[in-house]
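The values are calculated or read from the model by the stated rules, or taken from the named source; none is laboratory data. From a predicted model like this one, the values you see are computed outputs, not experimental measurements. FYI the Cβ positions are ideal-geometry reconstructions off the backbone, even for glycines, and counts take in every protein chain you see.
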Amino acid sequence: MIENELFPYKINHLDEKEGIDYVACKNAALVHIHSLDEHIGREMKYPAKMNGFFAMVCTKGSVTLSVHMKDFTLTENTILVAPTTVVTFKKSHNCELYIAAFNNDFASEMNINLKLVMPIITSLHSQSIVHNINKPDVIEALKRSFNALYTEYTQSLSDEANGGLFKEMAIRHMYASMIYRLCEFIATSHSIQTEITPKDRSGDYFRQLITLLHEHYKTERSVEFYANKMNLTPKHLSRVVRNYSGKSVHQWIDEFVVLEIKNLLKYSDLSIQQISYELNFPNPSFMGQYFKRITGKTPGEYRKEI
């Protein structure tokens, strides 16, 4: 996995954009966006996939975003933590945002204690964690950590020939330290807010479905497949999911698939034909008809949108 999969928004041009500070090392990335409002109307208005665990910290203003089809609004001094998912920024107001992302490869290479970290970010396939950081000193510590990391990163870029490998390792360890700090903030807080769902069988079934969709949506699109996995009849699963969520199983499957198509059209170099094979469509024409039926646009029309 490479850095641009972690933060897909035109990553090769981030360092050219005013008001964006960007730090990257293998399998991890961190971005500081001074004014999110300027970017939502352009490259950040399309759904994009974050391929790794990520945290977004709003330090000023507010931002509303969809994290795999569930809307969240982050206000000043709140953090959102989620696993691999599709993110769509919808609107912001005077928002300053920090985004940190890393994947399992980074965690294993840095010897991050996953047994310690994973309880914070597990069980998130059907919900994400929104966390209020009510302590100003925590926010200031986060900013200081980023500034130190960013300074080290820019120095390593200008001094590549002189100990570049050592500086790369220093950056990676500083990044690992930030991950521990973020997890500490969450674990020691008493104000964690998660999606409130009834403790009933319907909610359990729905969460199981979402987890299975994360795992199989690229290859499996039949209600029967997911019902069999859950030891339910298709009719029972369909009724439970519609009553609980207001959408049918077919609609949830379509949303997962369409979001992935949109992500690949905007933020990958794959051809439409390659995308159709990646998502197990029989041919590009079939995927085009499927995409247009749901979005009203062909894949080519969507890719050309500015």
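Kindly provide the set of residues from segment 266-283 that are farther than 12 Å from Lys218 by Cα, in a helix (DSSP H, G or I) and modelled with pLDDT under 95, ordered by number.
Lys266, Tyr267
Which residue pairs have Cβ atoms closer than 6 Å, lie 6 or more positions apart in sequence or on different chains, and pair a first residue in segment 26-39 that is in contact (Cβ under 8 Å) with a residue 12 or more places away in the chain with a second residue that is of a type in the set (D, E, K, R) and in a helix (DSSP H, G or I)?
Asn27/Asp105; Ala29/Glu3
For the condition more than 21 Å from the chain's Cα centre (by Cα), surrounded by fewer than 17 Cβ atoms within 10 Å (Cβ to Cβ) and at pLDDT below 75, what is the one hit in Asn162, Asn147?
Only one candidate qualifies: Asn162.
Can you say whether Val240 is under 20 Å from Val87 (Cα atoms) and at pLDDT below 95, as far as the supplied structure shows?
Judged against the criteria, Val240 is not a match.
Of all residues being farther than 29 Å from Arg239 by Cα and charged (D, E, K, R) in segment 250-298, which is surrounded by the most Cβ atoms within 10 Å (Cβ to Cβ)? Just the residue, please.
Lys266
Take Asn263 and decide whether it is under 25 Å from the mean Cα position of the chain (by Cα) and not in a helix (DSSP H, G or I).
Criteria not met by Asn263.
Could you tell me whether Met50 is modelled with pLDDT of 85 or more and among the aliphatic types (A, V, I, L, M)?
Considered against the rule, which asks whether it is modelled with pLDDT of 85 or more and among the aliphatic types (A, V, I, L, M), Met50 comes out as no.
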